[in-house]
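Have a look at the structure below before the remarks.
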Amino acid sequence: MRDTLTSLRYRYWPDHLLGEILSKRWTETAIPVILLLIVGFALSRSIDHFLSPASLADTARQAGEIGFIGLGMALVVIVGGIDLSVGSIFALTDFCALYLLDVLNWPVPAVVVATLACGALLGAVNGILIGYLRLRAFITTLITLIIYRSAFDLLIQRYSNSIAAAFPDIPSWNFIGGGDVFGIPSVALVYIAIAIFGHIFMTRLRPGWHITAIGGSRRSAYNSGIPVRRTIALCYVASGALTSIAALFFAARLGTVGGDIGVGLEVIVLTATVLGGITLGGGKGSVAKSLVGVLIVLLITNGLTTLNARGGINRMALAGILLVAAMVDIRWQKNRTRIISKVYVAPTYHALPPPATEIGQGGPFEQNDKLRDVELIGLGRIEAPEDVILDRNNNLYAGSRHGDIMRFFAPDYQRMEVFAHIGGQPLGMAFDRQDNLYVCIGGMGLYRITPDGTVEKATDETNRSMHSVNDDSRLRLADDLDITDDGLIFFSEATVRYEMDEWPIDGLEARGNGRIICYDTKTGATHTALRGLKFPNGICVASDGQSILFAETFGCSIKRLWFAGPKKGQVEVVMDNLPGYPDNINLASDGNYWLALVGMRSPSLDLAWKMPGFRRRMAKRVPVDEWLFPNINTGCVVKFNEQGKILESFWDLRGENHPMITSMREHRGYLYLGGIMNNRIGRYKLDNADPNFVQYDKRWGKAS
């Protein structure tokens, strides 16, 4: 009963989804969007016609004007600064536009260019002081706020009457201030265009990446060769220019230079920036967050104004919101990793029946010492050869943890070379008809190496599951593969949640994060053939040519997936309740199959599979090298037939000569052994084996 309740609790209470959601960057935008919807709904229920078309059009004009300033503020905050002078820059550039138009009678295009130049120049003053002279952003922009405001006050005392007396009737100027296209205000259209460019700039272009990198760690960015001072200065220039765009639309719409213009604007924009989810610490932010924050602030201020709240109440409300948002931002950024770590690793209930065959009671699984005197190849010269394979010229290939494919030359395998350098950890390997070597690379995907050693990417993504919170389109841990007669490559991906160096955590969870993927060499298309597997591993095309055998490591089973024929899409169990954890599978010369057991089961670990809470605590409190883990110091290879019957087994009881086995490959009467934690490749002479057997020659009818 207790096991049943535990199983139901971890099956239907998806606590791991919370960790998935919180770990995604889009959640930092989703939360402000939800807040925006709540605010909009609450005000629409409280105020009649609050969301009417006329009201929305007016809000769009204001949002466009303040949105430009918000984009500039977001830029300087992301780069690690702040700009308190935006209100004063807004006032000065508003004056500049109206003075040039009404007093000097400049044409509209010249007014636009000059106003933008004025805003950029005012921003450049901040940029030089903060970027090049390395002054503190807060105090510097506070001082320029005072200086710019004082200059504005002096100017309007002299020219305000001249500006107020002018009534220019210029169509282009009127369109800037109050025009629209299909009901969409001109300011909103310009904002949308600049916002789209800003999004592309920040997410797809190198200068945008530089800005984020500087905000994340200025010293690291400098050490990486990024022009830190110039980039910071240019961000302030851009902030001034964007503020001047807002001032242009404001000047064209209202045509006023009142003394209160821009007062408190820095509080409004800063509140919008923080509410949108742009962290004050720098290094994180987006155009979407800036827009959402602006809309929230505008809805709140317009709602309070409609409710006849006094200006002081508006400012107090914004100040209070800013204070709360800043506190949440600081606390969240400080504790985000800790909070996610508590819920992201989420073991589930995993009951393994007792092994179908008990080791030590006779039979084909009976332990022996056949591998004790196995011949060693490359001892101390190769590290982590997870898989091994041989070509038609009898040369031996194996991966290295340094990111290389090593080639050992026949016949004695003493001479070796780097056949290809890939960079990631090579895992499973297979040759195609044209002698191209396909390799699964942990963290990178499926790659192809031509006979001359040229490395080419085959695929590093597949179709995304629409019901998954996790973006599982990118391949995280491609593991083993095999190739069909028609050029389909089936390969396993052990986990969609964790990276190459985190795979023990996936094993700890036993949640079913793995899948089988199919890549078509003819079309280049990739799709997911089977999901929800518990660390799928070895892949082998069955002798019928219509199905594949695959190992589900932490399910202790071998299963068959039909990819063609009348049973297409069906999955059946070939072997279940194995006494060990299966890894790679390969063909044998007699039509049967070889299987590596990467570790043996133990009563303590079998019990821990049924205790998700215990495994969660183990992951948090115990170092990884002290976790309960399969016994991986006793190497074992077994041979089984199509019906799942074990025919014979090979052991190294002392675990000294070849202590761990993750793969094996039969070739011309020998069995070659690989192990991801070994520094050697083993070669064992088989009795009664076909001395002419070459796996891919036999399958495709090549001459041996």
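The values are calculated or read from the model by the stated rules, or taken from the named source; none is laboratory data. None of the values given here were measured: they were computed from a predicted structure. Backbone-built Cβ (ideal geometry, glycine too); neighbour counts: all protein chains shown.
Residue under question is Asp58, and the condition is that it be touching a Ser or Thr at 6+ places or on another chain (Cβ under 6 Å), charged (D, E, K, R), under 21 Å from Ala195 (Cβ atoms) and in the same structural domain as Ala272 (by TED's automatic domain parsing); does it hold?
On the way: touching a Ser or Thr at 6+ places or on another chain (Cβ under 6 Å): no; charged (D, E, K, R): yes; under 21 Å from Ala195 (Cβ atoms): yes; in the same structural domain as Ala272 (by TED's automatic domain parsing): yes.
When the stated conditions are applied, Asp58 does not pass them.
All but one of (1) of a type in the set (Gly, Ala, Ser); (2) within 21 Å of Glu552 (Cα to Cα); (3) crowded, with 18+ Cβ neighbours inside 10 Å hold for Gly682; which doesn't?
Of (1) of a type in the set (Gly, Ala, Ser); (2) within 21 Å of Glu552 (Cα to Cα); (3) crowded, with 18+ Cβ neighbours inside 10 Å, only one is false for Gly682: (2).
Taking the stated definitions as given, is Asp520 surrounded by fewer than 17 Cβ atoms within 10 Å (Cβ to Cβ), at pLDDT below 95 and assigned by TED's automatic domain parsing to the domain that holds Leu595? Steps first, please.
Numbers: surrounded by fewer than 17 Cβ atoms within 10 Å (Cβ to Cβ): yes; at pLDDT below 95: no; assigned by TED's automatic domain parsing to the domain that holds Leu595: yes.
Spelling it out, it is not the case that Asp520 is surrounded by fewer than 17 Cβ atoms within 10 Å (Cβ to Cβ), at pLDDT below 95 and assigned by TED's automatic domain parsing to the domain that holds Leu595.
Touching a Leu at 6+ places or on another chain (Cβ under 7 Å) and not in a strand (DSSP E or B): which single residue out of Gln367, Gln414 fits that description? Don't jump to the end; show me each part of the working.
On the way: Gln414 fails: touching a Leu at 6+ places or on another chain (Cβ under 7 Å).
The match here is Gln367.
Okay, residues lined up against (1) of a type in the set (Gly, Ala, Ser); (2) closer than 29 Å to Pro691 by Cβ:
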residue	(1), (2)
Ser589	yes, yes
Arg601	no, no
Pro630	no, no
Ile646	no, yes
Ser663	yes, yes
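Of all residues in segment 129-180, which are aromatic (Phe, Trp, Tyr) and under 18 Å from Thr93 (Cα atoms)? Don't jump to the end; show me each part of the working.
Initial filter on segment 129-180 (aromatic (Phe, Trp, Tyr)): 132, 138, 148, 152, 159, 167, 173, 175.
Scanning segment 129-180 gives Tyr148, Phe152, Tyr159, Trp173.
Do the conditions hold for Gly277, that is, is it in the same structural domain as Ile170 (by TED's automatic domain parsing), assigned to a helix (DSSP H, G or I) and either surrounded by fewer than 20 Cβ atoms within 10 Å (Cβ to Cβ) or not hydroxyl-bearing (Ser, Thr, Tyr) (or both)? Spell out how you get there, then give the answer.
Values: in the same structural domain as Ile170 (by TED's automatic domain parsing): yes; assigned to a helix (DSSP H, G or I): no; either surrounded by fewer than 20 Cβ atoms within 10 Å (Cβ to Cβ) or not hydroxyl-bearing (Ser, Thr, Tyr) (or both): yes.
For Gly277, the condition - in the same structural domain as Ile170 (by TED's automatic domain parsing), assigned to a helix (DSSP H, G or I) and either surrounded by fewer than 20 Cβ atoms within 10 Å (Cβ to Cβ) or not hydroxyl-bearing (Ser, Thr, Tyr) (or both) - is not met.
Could you pull out the residue among Asp583, Asp576 that is farther than 15 Å from Ile489 by Cβ, touching a helix residue (DSSP H, G or I) at 6+ places or on another chain (Cβ under 9 Å), in the same structural domain as Gly487 (by TED's automatic domain parsing) and surrounded by fewer than 21 Cβ atoms within 10 Å (Cβ to Cβ)?
On the way: Asp583 fails: surrounded by fewer than 21 Cβ atoms within 10 Å (Cβ to Cβ).
One residue alone meets the criteria, Asp576.
Sort out which residues of segment 381-411 are in a loop (DSSP other than H, G, I, E, B) and touching a Pro at 6+ places or on another chain (Cβ under 8 Å), and write them in order of number. Working first, answer last.
Taking segment 381-411 as the starting set, the residues that turn out to be in a loop (DSSP other than H, G, I, E, B) are 381-387, 391-395, 400-403, 409-411.
Scanning segment 381-411 gives Glu386, Asp387, Asn394, Ser400, Gly403.
Could you name every one of the helices (runs of 4 or more DSSP H) located completely within segment 193-270 that has at least 3 residues being of a type in the set (Phe, Trp, Tyr) and buried (at least 21 other Cβ atoms within 10 Å of the Cβ)?
Working: elements: 206-216, 218-223, 228-254.
Hits in segment 193-270: 228-254.
I'd like to know if segment 650-661 contains one or more residues that are assigned to a strand (DSSP E or B), under 29 Å from Gly424 (Cα atoms) and of a type outside the set (Asp, Glu). So that I can check it myself, show each step before the final result.
Step one: list which residues in segment 650-661 are assigned to a strand (DSSP E or B), which gives 650-652.
Now restrict to residues that are under 29 Å from Gly424 (Cα atoms): none.
Scanning segment 650-661 turns up no residue that is assigned to a strand (DSSP E or B), under 29 Å from Gly424 (Cα atoms) and of a type outside the set (Asp, Glu).
Given the residues Val108, Val125, Val112, Val103, which is the only one that is farther than 22 Å from Val76 by Cβ, assigned by TED's automatic domain parsing to the domain that holds Val77, touching a Ser or Thr at 6+ places or on another chain (Cβ under 8 Å) and buried (at least 16 other Cβ atoms within 10 Å of the Cβ)? Spell out the reasoning first.
Values: Val125 fails: farther than 22 Å from Val76 by Cβ; Val112 fails: touching a Ser or Thr at 6+ places or on another chain (Cβ under 8 Å); Val103 fails: buried (at least 16 other Cβ atoms within 10 Å of the Cβ).
Among Val108, Val125, Val112, Val103, only Val108 is farther than 22 Å from Val76 by Cβ, assigned by TED's automatic domain parsing to the domain that holds Val77, touching a Ser or Thr at 6+ places or on another chain (Cβ under 8 Å) and buried (at least 16 other Cβ atoms within 10 Å of the Cβ).
Give me a count of the residues in segment 574-599 that are within 34 Å of the chain's Cα centre (by Cα) and either farther than 23 Å from Leu686 by Cβ or assigned to a loop (DSSP other than H, G, I, E, B) (or both).
2
Taking segment 463-500 only, how many residues are under 18 Å from Ser547 (Cα atoms), among the hydroxyl-bearing types (Ser, Thr, Tyr) and buried (at least 23 other Cβ atoms within 10 Å of the Cβ)?
1
Among the residues of segment 386-395, is there at least one that is more than 28 Å from Gly524 (Cβ to Cβ), touching a residue at least 24 places away in the same chain (Cβ under 8 Å) and charged (D, E, K, R)?
Checked against the condition, which is being more than 28 Å from Gly524 (Cβ to Cβ), touching a residue at least 24 places away in the same chain (Cβ under 8 Å) and charged (D, E, K, R), segment 386-395 yields no hits at all.
For Ser88, state whether it is over 34 Å from the mean Cα position of the chain (by Cα) and surrounded by fewer than 17 Cβ atoms within 10 Å (Cβ to Cβ).
Spelling it out, it is not the case that Ser88 is over 34 Å from the mean Cα position of the chain (by Cα) and surrounded by fewer than 17 Cβ atoms within 10 Å (Cβ to Cβ).
What are the residues in segment 601-637 that are farther than 26 Å from Ile661 by Cβ and not in a helix (DSSP H, G or I), if any?
If the condition is that a residue be farther than 26 Å from Ile661 by Cβ and not in a helix (DSSP H, G or I), then Lys610, Met611, Val622 are the ones that fit.
Take Ala74 and tell me if it is out of contact with any helix residue (DSSP H, G or I) (no Cβ under 6 Å at 6 or more places or on another chain) and among the aliphatic types (A, V, I, L, M).
no
Evaluate the following for Val624: is it in contact (Cβ under 8 Å) with a residue 60 or more places away in the chain and either within 27 Å of Tyr344 (Cα to Cα) or not assigned by TED's automatic domain parsing to the domain that holds Leu481 (or both)?
Details: in contact (Cβ under 8 Å) with a residue 60 or more places away in the chain: yes; either within 27 Å of Tyr344 (Cα to Cα) or not assigned by TED's automatic domain parsing to the domain that holds Leu481 (or both): yes.
Yes, satisfied.
Return yes when Leu322 is part of a helix (DSSP H, G or I), free of Cβ contacts under 8 Å to residues at least 60 places away in the same chain and either within 35 Å of the chain's Cα centre (by Cα) or surrounded by 20 or more Cβ atoms within 10 Å (Cβ to Cβ) (or both) and no when it is not.
Values: part of a helix (DSSP H, G or I): yes; free of Cβ contacts under 8 Å to residues at least 60 places away in the same chain: yes; either within 35 Å of the chain's Cα centre (by Cα) or surrounded by 20 or more Cβ atoms within 10 Å (Cβ to Cβ) (or both): yes.
When the stated conditions are applied, Leu322 passes them.
Within segment 34-49, does at least one residue satisfy the condition of being among the charged types (D, E, K, R) and crowded, with 16+ Cβ neighbours inside 10 Å? Spell out how you get there, then give the answer.
Step one: of segment 34-49, the residues among the charged types (D, E, K, R) are 45, 48.
Narrowing further to those that are crowded, with 16+ Cβ neighbours inside 10 Å: none.
Among the residues of segment 34-49, not one is among the charged types (D, E, K, R) and crowded, with 16+ Cβ neighbours inside 10 Å, which makes the answer no.
Is there a residue being in a helix (DSSP H, G or I), assigned by TED's automatic domain parsing to the domain that holds Gly264, more than 27 Å from the chain's Cα centre (by Cα) and closer than 23 Å to Val287 by Cβ anywhere in segment 10-26?
Just the residues of segment 10-26 that are in a helix (DSSP H, G or I), to begin with: 10-12, 15-23.
Checking which are assigned by TED's automatic domain parsing to the domain that holds Gly264 leaves us with 10-12, 15-23.
From what is left, the residues that are more than 27 Å from the chain's Cα centre (by Cα) are none.
Checked segment 10-26: no residue is in a helix (DSSP H, G or I), assigned by TED's automatic domain parsing to the domain that holds Gly264, more than 27 Å from the chain's Cα centre (by Cα) and closer than 23 Å to Val287 by Cβ.
Tally the residues that are of a type in the set (Gly, Ala, Ser) and touching a helix residue (DSSP H, G or I) at 6+ places or on another chain (Cβ under 8 Å), restricting the search to segment 397-429. Steps first, please.
Step one: filter segment 397-429 for residues of a type in the set (Gly, Ala, Ser), giving 398-400, 403, 410, 420, 423-424, 428.
Then drop every residue that is not touching a helix residue (DSSP H, G or I) at 6+ places or on another chain (Cβ under 8 Å), which leaves 424.
Final tally of qualifying residues: 1.
Report, by residue number, each residue of segment 187-217 that is free of Cβ contacts under 8 Å to residues at least 12 places away in the same chain, over 12 Å from Leu75 (Cα atoms) and of a type in the set (Gly, Ala, Ser).
Answer for segment 187-217, where residues must be free of Cβ contacts under 8 Å to residues at least 12 places away in the same chain, over 12 Å from Leu75 (Cα atoms) and of a type in the set (Gly, Ala, Ser): just Ala193.
This table checks each residue for (1) under 27 Å from Cys96 (Cα atoms); (2) of a type in the set (A, V, I, L, M); (3) not assigned by TED's automatic domain parsing to the domain that holds Asn161.
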| position | (1), (2), (3) |
| --- | --- |
| Arg218 | no, no, no |
| Tyr222 | no, no, no |
| Ile232 | yes, yes, no |
| Ala241 | yes, yes, no |
| Gly255 | yes, no, no |
| Asn302 | no, no, no |
